[in-house]
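What follows is a short report on a single structure.
Bear in mind these aren't lab numbers, they're just calculated from the coordinates by the rules spelled out. What you see is a predicted model, and the numbers here were worked out from it, not measured in a lab. Note that we place each Cβ from the backbone using ideal geometry, even for glycine, and neighbour counts take in every protein chain shown.
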Amino acid sequence: MGEVEHVVGMDIGGTKMLAVVFDDQFKPVGRFRKKSKAKVPPEQHINNIIQGALDDAGVQKIRGVGMGSPGPLDPDTGVIIDTPNLGWKDFPLAGIVQDHFGVPAVVDNDVNMGTYGEWCFGEVQDCRNVLGMFPGTGVGGGIIIDGKLYHGASGSAGEVGHMTLEVDGPFCGCGKNGCLEGLASRIAIAKEVVALAARGDAPYILENCGTDLSKIRSGMLSRAIAAGDTQVERVVRHAAFYVGVGVANLINVLSPEAVVLGGGLVEAMEDLYLDEVTRAVNDHAMPFLRKNVRIVPAKLGDDAVAMGAARLIHDKLAS
């Protein structure tokens with residue numbers, strides 16, 4: 001029997017970074033996670049996290065590293081063009097990891113990787129056309145057309161969070177107004193919820209978070225709704241409905257077989273999100289195009305991006 005061949009999948013988020021070592025059956029055998037912001041330079045931080053996962057797995061030899069990172073980025077060169085959340089510009093991510101570990105590395109958009117992971121390992125493996133929608137810190141999307149990740153001419157297709165849904169809507173981190181992300185991300189929800197707490201209309205939030213935006217995570221929102229903060233529920237449902245309007249627009253354009261809903265907000269409040277997205281799709285997608293579309297929750301949780309990235313490097317090495 002030959003020795004087991006390992007690959008590393010890495011999820012580079014605005015808040016946390018996670019590296020997971022997988023065996024040749026894509027079973028996780030070691031992992032390491034750290035906050036994204038660090039005192040050391042980013043290249044050192046990334047290499048340290050991958051090394052931490054290798055140490056945890058007790059593995060020295062790997063075949064390659066796949067990484068999912070916020071974009072825009074160039075999947076062909078593995079260069080991060082610009083990530084506002086991390087402050088990277090023209091950052092040669094794949095090259096840094098290749099040079100340090102001496103193995104091939106690939107980089108793709110984090111939500112593309114989450115969508116790819118769900119398509120390879122989740123509930124939509126039988127589909128050829130899949131849309132992934134992941135509301136969390138931002139709102140990300142991934143598009144699989146005819147069994148392939150769709151990158152478009154720029155390499156950065158799938159920026160679903162920056163569809164304009166309200167021309168005069170709230171300011172978004174990308175610099176324009178009325179984006180889906182500016183209306184429906186966790187940050188957008190937290191902004192409104194803090195105002196509710198300050199006015200005394202969200203007692204659970206006020207008691208547990210005060211008016212600290214950074215404490216209003218997905219799980220906290222879910223607990224506030226369970227505790228009876230009806231105004232918090234109204235805000236979250238409104239945001240979830242907007243996600244559904246985005247999904248409906250994309251169903252009209254792309255006609256997928258399935259939509260995978262993931263991300264922190266969906267994990268924390270799955271039923272609420274499925275309800276509101278389905279309601280918006282029924283209202284805003286064309287009947288013929290929405291007729292047989294399955295809307296399913298993501299299944300891989302925190303590991304979706306790492307699993308998709310590991311599978312991507314595996315597929316690239318195999319081809």
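Observations on the model:
- Each residue of the stretch 137-154 was assigned a 3J(HN,Hα) from its phi angle through the Karplus expression (A = 6.51, B = -1.76, C = 1.60, θ = phi - 60°), giving 3, x, 10, x, x, x, 10, 10, 10, 6, x, 9, 4, 9, 9, x, 5, 7 Hz with x at Gly and Pro.
- Loop-located GluC sites (Glu not before Pro) in the stretch 72-174 (DSSP state other than H, G, I, E, B) with a sparse environment of at most 16 neighbouring Cβ atoms within 10 Å: Glu123, Glu166.
- Under the combined filter of DSSP loop state and at most 16 neighbouring Cβ atoms within 10 Å, the stretch 54-128 retains these trypsin sites (Lys or Arg not before Pro): Lys61, Arg63, Arg128.
- Listed by number, the DSSP H helices of the chain that run 30 Å or longer by alpha-carbon position along their axis and have mean Kyte hydropathy of at least 0.5 are 230-254.
- Normalised radius of gyration (Cα atoms, divided by 2.2 N^0.38 Å) for the stretch 127-298: 1.04.
- With Cα atoms as the point set, the chain shows a radius of gyration and Dmax of 19.5, 66 Å.
- Per-residue Cβ neighbour rank within 10 angstrom, fewest leading, Cys127, Cys174: Cys174, Cys127
- The stretch 62-168: C-alpha gyration tensor shape, a/c 1.5 cut-off, then a/b vs b/c: oblate
- Summed residue charge, Cβ within 13 Å of Ile96's Cβ, Lys/Arg positive, Asp/Glu negative: -3
- Working from label points 7 Å from Cα in the Cα-to-Cβ sense, the Lys37 to Arg234 distance is 3.3 nm.
- Net charge of Cβ neighbours under 10 Å - reference Tyr273; Lys, Arg +1; Asp, Glu -1: -4
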